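Computed from the coordinates by the stated procedures, all read-outs in this text should not be read as laboratory data. Keep in mind it's a predicted model, so treat the numbers as computed, not measured. Cβ atoms come from the backbone with ideal geometry, glycine included; neighbour counts cover every protein chain shown.
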Amino acid sequence: MNPSNRQKPALNLTVIGLMNNTENRFDSNLQSIIKNTSLILTSKYNLSKLTNQFDFSDKQVHYFDPDYFKALEAFSKFESDKIIFASGDPGYFGALRSVKHYFFDHNISCYPADSSVSLAFSLLAEPWDDATVISTLGRPLFPVMNAVAQSPKSAVLCTKNLPPNELAEQLAKQCDFKLLSNRRYFVMSNLDNDPIVTKYTFKTLIASKVTTDSILLILPKSSPSNKNVTDSQLLPKPQIASNLPLKQIVFGESIDAYKAVRSMITKPEVRAIVLSKLNLDNGKNLLEIGAGSGSISIEAIKLAPLMRVISFERDSVAYANLRQNMKNHNVVFETHLGDFYDYKEKLPKADAILIGGGKLERLNRLFKHANPGATVVGVFASLDRAQKLAKMLGNLIQVNINAGKFFADDTLHLTAHNPVFIVWGQNNPT
C-alpha cells in the first residue's frame, strides 16, 4: 500500500463543561487529559476558574471571542488533540451541536457539569419536564419572545447582552400585559458560586438590574395541589424535539379567529395547504410579503415557535388588524408597515418566502434575500400573477372550495368561493 494513501488516525476532542466547584470536578482521567493536551479553546472567564488547578503556560490557548463560530472553525483545523472548555452541560443548549458540525472528523468525548436549569427548578422544588427551555445566546430576540409567550412554564438562559429585565421590557411592548402579569417570575443569578434566586412580579422584573448571566424562570400563577388534579395531570407531558411542550396543532383556524379588512382573509382550507408547502422548521427565517391579517404567519409560528418570522404589510388598516390578531393569538414576530422593497435595514437571508400579493416585477430583488434552495410560496386571486411566478418556481394548483349551506327548506346547497391559485417551488438562483 502506498503510504500516502493511508488514512490518518482521527484526532481527539474533549469537551468539558464547567460550573461550580471546579476543584472537585475532575477525576484522574480528566486531569491527565488536561495536562497532556496542548491545544485549548475556551472563554477567558472559564479559563480563570482553572488557573489555580492547572498550568496553562505551556499550552496554546485560543478564545471564543470575538466570533464564536469562526473560532470553532479555525480551531478545528489544528492537527493535534484538543480540549474545549464550555459552561454547564455542553449538550444542553451548549457547545456540543456546533462542535459536532465543525469537528465531524474527530473522536469527540464530552464531560458535562450540572445543568444550571435543573438547579434553578430544584431550588424552587418545581418539576420541569413540562417546561420550555430557551437560550438567548446566538438567537434573535423575536423567536425567544414568541416561545416565552406561548409557554406557560419556561426557563430562559439570559446573558449580560440580554438580561431578564430587557427581555421583560420587550415582551411588554409585544404581548398582552394582563397575560404576562398572571405569571410568576424568578431569576437565578450568581450561577458560578452560590446561586441566588429572587422572586419578581412582571412590573418589578422590568425594573430589575441583573448584569451577569442568569436563568429566568417563568411559572404559572400557582401550581395546583395534588387534591385538585387528576392522576393523568400529574404525569409528565411528552416533549417534542424543540423542547417545547406538545400541544394541539391546528391547520387552518376558523375565519372568526381573525380580524380582517372587508373579510379579505385567506380561507382556512387554503391556509392549511399553504402551511404544508412552506417546510416550516424551528430556527429558520420566514419572510412574508403582503401579510394582510397575518393568519398564515400566526399559524406558521404556532407550528414552529422558534422560527423567525418577518412580515411586511403596506395597508395601515390591515397592519393594525395584523398587530391585534397577534395579540389575540398570543404570538410574537417582527412586523413592518411599508413595502419590503423600500426597507433599507439589513435582513437575514430567508429560508422560506411567502408572497401574499403585490407586484411581481421586482422578484429578483426579493429572491436575493433568500438562501439558495429556499422555499417560495405564493397565494393569488389572479391567474396572470400566479402564472408569472409559476414560470419561475414550477408548481401551480387551483383551489376551489364549495361550502355547504342549509336553506330554510332544510335542503343543502353548495356556495362557491372564489378560486385561489397557490404557486410553490425553490429559489434556484442562476
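Coupling constants for segment 150-165 follow from the phi torsions by the Karplus curve (6.51 cos²θ - 1.76 cosθ + 1.60, θ = phi - 60°), and in residue order they are 8, 10, x, 10, 8, 10, 10, 7, 9, 10, 5, 7, 9, x, x, 5 Hz; glycine and proline get x. Using equal-weight Cα scatterers in the Debye expression, the normalised intensity of segment 255-426 in log10 at q = 0.13, 0.20 Å⁻¹ is -0.63, -1.46.
The amide H of SER43, built 1.01 Å from its N in the peptide plane, has PHE64 as neighbours under 5 Å, considering only residues 5 or more places off or on other chains. Proximity of backbone amide H atoms, modeled 1.01 Å from N, is registered between THR14 and LYS82, ILE83, ILE84, SER109 at under 5 Å, excluding neighbours fewer than 5 places apart on the same chain. Summarising the strand pairing of the chain, around 45 percent of its internal DSSP beta bridges are antiparallel.
Of the trypsin sites (Lys or Arg not before Pro) found in segment 102-209, those that fall in a DSSP loop while having at most 16 other beta-carbon atoms within 10 Å are LYS160, LYS209. Of the chain, which part is the longest with no chymotrypsin sites (Phe, Trp or Tyr not before Pro) in a loop (DSSP not H, G, I, E, B) and with at most 15 other C-beta atoms within 10 angstrom? Free of exposed loop sites, the longest segment is 105-250.
Along the axis of the charge dipole computed for segment 9-114 (Cβ charges of +1 for Lys and Arg, -1 for Asp and Glu, origin at the Cα centre), the listed residues SER80, PHE103, GLN53 are led at the positive end by PHE103. Label reach from PHE54 (point 7 Å along Cα→C-beta): in segment 60-80, amide nitrogens under 14 Å belong to 60-63.
Let me have the 222 nm mean residue ellipticity of the chain computed from DSSP H runs of 4+ only, each contributing -39500 (n - 2.57), with the sum over all residues rounded to the nearest 500. Present the calculation step by step, with values, prior to reporting the outcome.
On the way: 15 runs with 123 residues, N = 430.
My calculation for the chain gives -8000 deg cm²/dmol from helical runs alone.
Here the scattering of segment 9-114 is modelled by Debye summation over its C-alpha atoms, one equal scatterer each and no solvent; at q = 0.12, 0.19 Å⁻¹ the log10 of I(q)/I(0) is -0.35, -0.95. Amide H to amide H, with H built 1.01 Å from N, ILE401 comes under 5 Å of HIS417, counting only residues 5 or more places away or on other chains. For the pair ALA74 and LEU179, label points projected 7 Å from Cα toward Cβ lie 4.4 nm apart. Pair-distance distribution P(r) for segment 117-234, from all Cα-Cα distances in 10 Å bins starting at 0: 13, 48, 30, 8, 0 percent. Between the exposed loop cleavage positions of the chain, defined as GluC sites (Glu not before Pro) in a non-H, G, I, E, B DSSP state with at most 16 neighbouring beta-carbon atoms within 10 angstrom, the longest gap is 80-252.
The charge dipole of the chain, taken about the Cα centre with unit charges on the Cβ atoms of Lys, Arg (+1) and Asp, Glu (-1), comes to about 760 debye, rounded to the nearest 20.
Assuming charge only on the beta carbon of Lys and Arg (+1) and of Asp and Glu (-1), the dipole of segment 57-153 about its Cα centre is about 220 debye to the nearest 20.
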